[in-house]
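A short write-up of the structure that comes next.
The values are calculated or read from the model by the stated rules, or taken from the named source; none is laboratory data. Treat the numbers as computed from the prediction; the structure is a model and nothing was measured. Here the Cβ positions follow ideal geometry from the backbone for every residue, glycine too, while neighbour counts run over all protein chains shown.
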Amino acid sequence: MRRLGVMVLAVVLPVAGFAQDAVIRIEAKRGGDAAAQAAATWGAQFDDVVTFPLPRGWVAIGLGPLSPDEAEARLAALKASRQIPQDSFVAVPGGSVALTPFEGEGEDAVSESDAEETTDGAAQDDSEPETASPEEVTVQADVAPPGSYIRLQSLQSRTDAEAALRTWREKFPDAGLWSLPGGWFSVALGPLEPAAAQGWLGAFKASGDLPRDAFASDAAEMGTAIEPGETPDLPAAPDQPATMPPLDQVQRALRWAGRYDGAIDGKSGPVTREAIAREVAALRVSPDEGTAMQKLIERREDWRREMGLTTLRDEATGLSVNAPMDKLQFDRAERALSIYGPKDGSGAALILFSQPGGQQELLDLSGLVTALGWVPQPERTIERGHILLEGANENHRSLAEGWVRDGRAEGFVVIWPANEAEDQMRIAAELSDSFSRVAPAANDAAATAPATPTQTVD
């Protein structure tokens, strides 16, 4: 058995042809003296013990150099015979990292502070060493920048991890891929301030964007970066949570955003809570619900001003809606209908309808809407006292909604350019939300001449 010797760390001896060679990583120690002791112990068993520096004053102990194929075959044999730890793995430190063969009889020695200098002066700490990927066969990967990381998914196969990264980037384009100690890989989002990481971890779990077992890790636990990704723009929540705006306002804003199709009742039910959680995750302005909902309400108001929404009071039908009158102009009133066509080539149109009756009259009006082609090839949702028709062609998107209220069948049709789908959805929500009766319908009497509508700014 070899006599316990001292490892030479100060004089780094490059091994010829190492740039593409591999080693079997069997252990890592913090500091030169501890690494020397470990290397001496392994040197009593193997003739090709080598050491090489890791970040933050850690030193790796391994066997090599070997070709990657030789290393994999020898790793399997040594694990099978239980001569090395079962978490040992094959690594390629990279061409810029020099191996130091263990010298059992070496005369020179260095202190732990000297060993730290081999890692670019990085200060020692008590965290685990950054490790190279078990399947990495090119160069040393990057060390995780300081901060916290949201661990989206962990896998044991690099191939599976790279496939998972591509999938996660559809939802989180800034996600990166990291090689962890022990041969695992993690798709992660970061770095973030610790408070931001914890806040968004909870927000993304609540929205269903993350599995319940996702968690946050400090940079010291992230190993090395295979594809580091980008720092995500995810601000921390305010020190004090913001007051939630009135829930009826929140519901209207959520409906405008396409997140909510429930009643505007100002009540905190499961549908409202789910919609809030999904919108917080989608907006990504703050993980605090009160802050995020206030921002959403402000966005809706900005859009309403941009679209030029005004309150239209239509005398022919006696109905009132908030409508984009910069894009519409009155055309004509016919029986139960009041028709507004496109203004200045906007491609938009609005039809209001109202007549005495119940469910059958509502169905008759929906049939008329379809027959006139206002809603092409519609998908129908028909309930007692309510209809909803949606359809589109290459030029337009259309939606019709109607109700039976106070002995009348009434509603609206909105027609919008096909290439402005998001605005069409939002305009329909505004029409539905603001739809109300403000006067008797002048068109109830067939002999009554069509009345000119009036408009007032909201």
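Restricting attention to region 80-110, the residues that are surrounded by 13 or more Cβ atoms within 10 Å (Cβ to Cβ), of a type outside the set (Asp, Glu) and modelled with pLDDT under 85 add up to 14.
Considering the conditions (1) out of contact with any Lys or Arg (no Cβ under 9 Å at 6 or more places or on another chain); (2) in contact (Cβ under 8 Å) with a residue 12 or more places away in the chain, Gln240 is excluded by exactly one of them, (2).
I'm trying to understand the selection: among the residues of region 351-368, which are part of a helix (DSSP H, G or I), touching a residue at least 24 places away in the same chain (Cβ under 8 Å) and aliphatic (A, V, I, L, M)? Selection gives Leu362, Leu363, Leu365.
Against the test of being in contact with a strand residue (DSSP E or B) (Cβ under 6 Å, 6 or more places away or on another chain) and not in a strand (DSSP E or B), the options Pro232, Pro146 yield a single qualifying residue, Pro232. The conditions of being aliphatic (A, V, I, L, M), surrounded by fewer than 15 Cβ atoms within 10 Å (Cβ to Cβ) and either modelled with pLDDT under 95 or not assigned by TED's automatic domain parsing to the domain that holds Glu422 (or both) are not met by Ala242.
If a residue must be under 23 Å from Ala441 (Cβ atoms) and either surrounded by 15 or more Cβ atoms within 10 Å (Cβ to Cβ) or out of contact with any strand residue (DSSP E or B) (no Cβ under 9 Å at 6 or more places or on another chain) (or both), how many such residues does region 373-409 contain? Looking only at that region, the number is 15.
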